[in-house]
Amino acid sequence: MTNEKHPSAGAKAYDAIKAMILDGRLKPSASYLEAELAEWIGVSRTPVREAGLRLEREGLVKVRPRRGVQILPISVEDMTEIYQLLTALEPLAAELAAQRGLSAAQAKAMDKATTRMERALEKDNLVAWAQGDDEFHALLVEASGNKRLIEATARYRTQVHRARMATLSLRPRPEQSTVDHRVLLDCLLKGDAEGARAIHVAHRQAAGQMLGELLARHRLDNL
């Protein structure tokens, strides 16, 4: 049996390959053989193959028989479509979470993620800020209690995080984005479903527009 201290070889391969995609060590559009990935990670080829299939479902790679995996690029069109979906689904999650009410554990976790973003911004640590942001959005959707909504957004949030990491140094300081998270959390704690939906619609629309502009302006649509 595996646990957090001793993850399976498949989980190790998945985490390692995903991390290398997100930080740019595995280049967009490039192909990598199972054997070379296995050697880098320190596992056999079978866990790498399993990890590749999982990452393919998340839209990060294309599995190519006998040729390993190809790292998929993210186009402006991809991000436009993804943000259209998230702008529809995440505000619904916010509304449902406000209607249900946050548990003490959920409120504490979301406050911790928001505080992490605020403190990271004070220190100009945009990587830590992005990690807190990603954590907050995952917690928000989980708080909706809608299993299908959680499944529908998980795949796309990974792709958004990848594009965000690639554009961190190009974007304006995310002051307003951070404020939005605190305002949204206040709405959730008050049970203000209408306010929660409204603030998150505006938040996702602004983020999607900015990211698309950055990808196009800096010719990053091959990421």
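The values are calculated or read from the model by the stated rules, or taken from the named source; none is laboratory data. Predicted model, so just to flag it, every value in this text is computed and none were measured. Here the Cβ is made from the backbone with ideal geometry for all residues, glycine too, and neighbour counts use every protein chain on show. Ligands, DNA and RNA are stripped out before the accessible areas are found, and what is left, the full protein with its side chains, is counted by its heavy atoms. Shrake-Rupley method; radii C 1.70, N 1.55, O 1.52, S 1.80 Å.
Accessible area per residue for the chain in Å², computed with a 1.4 Å probe and the full protein assembly in place, what is it?
Each residue of the chain exposes 53 Å² on average to a 1.4 Å probe.
Just how many % of Cα pairs in the chain lie over 24 Å apart, if you round to the nearest whole percent? Don't skip to the answer; put the middle values down first.
Numbers: 11854 of 24753 pairs.
The answer is 48 percent, as a whole percent.
What accessible surface, in Å², does a 1.4 Å probe find on LEU53, ignoring ligands, DNA and RNA and rounding to the nearest 10?
80 Å²
If contacts are Cα pairs under 8 angstrom and at least 6 residues apart, what is the relative contact order of the chain in percent? Mind showing how you got there, number by number?
Numbers: 290 pairs, mean separation 58.2, N = 223.
Over the chain, the number comes to 26 percent.
What residues of the range 138-164 lie in the reach of a label at GLU118, counting those whose backbone N is under 18 Å from a point 7 Å from the Cα along Cα→Cβ?
Correct set: 140.
Need one word for the range 1-115: rounded, prolate or oblate. Basis is the Cα gyration tensor (sqrt eigenvalues a ≥ b ≥ c); a/c below 1.5 gives rounded, then a/b vs b/c decides. Write down the numbers at each step before the final one.
Working: a/c = 2.81, a/b = 1.54, b/c = 1.83.
Judged from the Cα gyration tensor, the range 1-115 comes out oblate (a/c at least 1.5, b/c at or above a/b).
Exceeding 30 Å between C-alpha atoms, which entries from my cross-link table qualify? They are LYS147/LYS190; LYS12/LYS62; LYS18/LYS108; LYS123/LYS147; LYS12/LYS112.
Checking Cα-Cα distances, LYS123/LYS147 exceed 30 Å.
Rank these residues by their accessible area, most exposed first, probe 1.4 Å: LEU168, LEU89.
LEU89, LEU168
Working from Cα positions, state the angle (0 to 90°, nearest 10) between the long axis of helix 175-190 and the longest principal axis of the chain.
So the inclination is approximately 60 degrees.
Compare THR115, THR158, THR46 in a GNM of the chain, Cα atoms joined below 10 Å, and give the one with the largest fluctuation.
Maximum fluctuation in the GNM of the chain, among the listed residues, is at THR46.
Can you classify the range 143-223 as rounded, prolate or oblate using the Cα gyration tensor, where a ≥ b ≥ c are the square roots of its eigenvalues, rounded means a/c under 1.5, and otherwise it's prolate if a/b beats b/c and oblate if not?
Working: a/c = 2.75, a/b = 1.54, b/c = 1.78.
Verdict is oblate for the range 143-223.
I'd like the carbon and sulfur percentage of the solvent accessible area for the chain, probe radius 1.4 Å, heavy atoms only, ligands and nucleic acids excluded. Kindly include the intermediate steps, with their values, before the conclusion.
Details: 6050 of 11900 Å².
For the chain, the apolar C and S fraction of the accessible surface comes to 51 percent.
Measuring from label point to label point, each 7 Å out along Cα→Cβ, what is the HIS218 to SER44 span in nm?
That separation, rounded to one decimal, is 4.2 nm.
Would you calculate a helix-derived [θ] at 222 nm for the chain, using -39,500 (n - 2.57) for each DSSP H run of n ≥ 4 and dividing by the full residue count, to the nearest 500?
It lands at -24000 deg cm²/dmol.
State, as an integer percentage, the relative contact order of the range 100-196 based on alpha-carbon contacts under 8 Å between residues 6 or more apart.
35 percent
Hey, what did the range 1-99 get for relative contact order, percent, Cα under 8 Å, at least 6 apart?
Working: 93 pairs, mean separation 26.4, N = 99.
Normalised by residue count, the contact order of the range 1-99 is 27 percent.
Pop the C-beta distance of ASP23 and SER103 into the FRET formula with R0 = 25 Å and round what comes out to the nearest 0.05.
Computed FRET efficiency for ASP23 and SER103 comes out at 0.15.
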